[in-house]
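Peer 1: Here it is: the structure, laid out below.
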Amino acid sequence: MVLSSAHTVKPIWGFYGHKKINRMAVFALPQEMIGFYKKNIEYITEHAVDADKRRYATKHEAVRHYIDIDHWGKIPFPEVPRQFDDALMKYGQLQLIDLTTLDTTNLSLKTVVNEEDRFDSSIEIMNGDQVWHSMKTVAFENFFKAHFKTQFYEDEWIVEGQVYDEIFETDKFVTGNKVLRFEDQFSHQGILPYHLESMFFQLRKAFIDENSEKVLRLSADYGHYIADSHVPLHTTVNYNGQLTDQVGIHAFWESRLPELFAEEKYDFFVGPADYIEQPRKYFW
């Protein structure tokens with residue numbers, strides 16, 4: 001379940017705004033939820049900026065607050081996979097590394113579709129123009145998720161050659177001292193819509209587990225990320241006007257203006273929240 005205001009205007013907020021928007025969001029909740037959140041409204045308000053504070057604690061936090069979506073194409077960005085693992089695989093770089101000589105060979109992934117069965121496709125791992133290895137797409141996807149994606153928070157994503165040979169029953173790594181490395185070339189441009197989906201499932205599980213402490217913590221963070229996603233400057237390469245001679249526009253737009261005018265000029269009566277049937281589609 002995702003709830004969103006029916007109001008079509010998408011305000012943009014800084015530190016002051018994050019606290020304000022989390023606080024006001026409580027009053028848009030349905031009857032079944034408002035009691036719990038109103039009782040804890042001070043927590044939801046004060047912890048609305050926790051996510052920003054974490055930006056300085058880990059390099060993995062900042063990318064959750066934006067996506068430079070125009071880096072990858074043009075509206076409506078049909079070429080960008082909506083599933084995070086698919087995006088990582090599409091834009092990342094698979095490499096074969098010889099640990100003895102330190103030679104690195106870039107490998108590419110080529111999808112081959114069965115014309116008789118469009119749901120049956122294969123992945124060809126290419127070394128230049130030569131097919132290095134071929135397998136069913138689902139087999140590579142499962143391998144990627146189990147052996148590369150699990151290293152997402154590590155500095156390097158490495159899979160030992162012996163592991164690859166055992167999984168796919170090959171002899172690619174019988175000789176030599178080689179490993180496979182995957183370089184994430186996607187996340188640095190931001191992962192905000194993917195993180196919204198991840199947070200949705202985390203929050204839903206916290207509700208199912210009746211873990212009120214976790215519900216509050218995740219709710220405060222979720223409000224922050226959702227607010228960020230409504231800031232146009234969190235969705236573009238030109239996030240601070242640096243490409244259009246408007247440097248400083250980010251802080252002016254989302255911090256200074258709300259601080260000056262929110263209390264007297266902004267309309268916070270947005271009406272009751274709507275139920276969102278398809279969260280992923282809504283996020284995008």
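Peer 1: For segment 216-225, what does the Karplus curve 6.51 cos²θ - 1.76 cosθ + 1.60, with θ = phi - 60°, yield as ³J(HN,Hα) per residue in whole Hz, taken in order and with x for Gly and Pro?
Peer 2: 5, 4, 5, 5, 4, 5, 4, x, 5, 5
Peer 1: Compute a Gaussian network model of the chain, connecting alpha carbons closer than 10 Å, and tell me which residue from Trp132, Trp72, Trp157 fluctuates the most.
Peer 2: Largest GNM mean-square fluctuation: Trp132.
Peer 1: Kirkwood hydrodynamic radius (Cα pairs, Å) of the chain?
Peer 2: For the chain, inverting the mean 1/r across all distinct Cα pairs yields 21.6 Å.
Peer 1: Quick one: if the Förster radius is 41 Å, what FRET efficiency do Tyr91 and Lys265 give, using the C-beta to C-beta distance and rounding to 0.05? Walk me through the intermediate numbers first.
Peer 2: Numbers: r = 42 Å, r/R0 = 1.02.
Result of the calculation: an efficiency of 0.50.
Peer 1: Please list, in chain and number order, the residues 5+ apart from His133 or on another chain whose amide H is under 5 Å from its amide H, with Hs placed from the backbone.
Peer 2: Residues meeting the criterion, in which the H sits 1.01 Å from N, are Ile125.
Peer 1: When only C-alpha pairs under 8 Å and at least 6 residues apart count, what is the relative contact order of the chain, in percent?
Peer 2: On the way: 396 pairs, mean separation 96.5, N = 284.
Normalised by residue count, the contact order of the chain is 34 percent.
Peer 1: By how many nm would the segment from Ser134 to Lys205 grow when fully extended, if each residue of separation counts as 0.36 nm and the alpha-carbon distance is taken off? Walk me through the intermediate numbers first.
Peer 2: Numbers: separation 71, 0.36 × 71 = 25.56 nm, distance 3.75 nm.
Difference between extended and current length: 21.8 nm.
Peer 1: A follow-up question, please. Which FRET efficiency, nearest 0.05, do Lys214 and Asp165 yield, Cβ-Cβ r, R0 45 Å?
Peer 2: With R0 = 45 Å, the Cβ-Cβ based efficiency is 0.65.
Peer 1: Take Arg181 and Phe119, extend 7 Å from each Cα along the Cα→Cβ direction, and tell me the distance between the two endpoints in nm.
Peer 2: Between Arg181 and Phe119, the label points sit 3.9 nm apart.
Peer 1: Give the calculated FRET efficiency between Asp50 and Gln246 to the nearest 0.05, with a Förster radius of 35 Å applied to their Cβ-Cβ distance.
Peer 2: 0.75
Peer 1: Note down the relative contact order for segment 93-183 as a percent, whole number, built from C-alpha pairs under 8 angstrom at least six residues apart.
Peer 2: Averaging sequence separation for qualifying contacts and normalising by length gives 31 percent for segment 93-183.
Peer 1: On to the next question. Of Lys38, Lys281, how do they rank once you tally other Cβ atoms within 10 Å and put the fewest first? Mind dumping the intermediate values first?
Peer 2: On the way: Lys38 12, Lys281 9.
The most exposed by this proxy come first: Lys281, Lys38.
Peer 1: What distance in nm separates the two pseudo spin-label positions at Asp274 and Lys74, each 7 Å out from Cα along the beta-carbon direction?
Peer 2: It works out to 2.8 nm between the two label points.
Peer 1: Using 0.36 nm per residue of separation minus the Cα-Cα distance, give me the extension gain between Asp103 and His60 in nm, one decimal.
Peer 2: 12.6 nm
Peer 1: Further question: Can you give me the relative contact order of segment 126-284 as a percent, contacts being Cα pairs under 8 Å and 6 or more apart?
Peer 2: Details: 79 pairs, mean separation 21.7, N = 159.
Relative contact order, segment 126-284: 14 percent.
Peer 1: Next question. List, in order, the whole-Hz ³J(HN,Hα) value for each residue of segment 88-97 obtained from phi through the Karplus relation with A = 6.51, B = -1.76, C = 1.60 and θ = phi - 60°; use x for Gly and Pro.
Peer 2: The phi angles translate into 4, 5, 5, 9, x, 10, 8, 10, 9, 10 Hz.
We did not get these values from a lab; they are worked out from the coordinates using the rules stated. Just so you know, these numbers come straight off a predicted model, no measurement behind them. Note: ideal-geometry Cβ built from the backbone for every residue, glycine included; neighbour counts use all protein chains shown.
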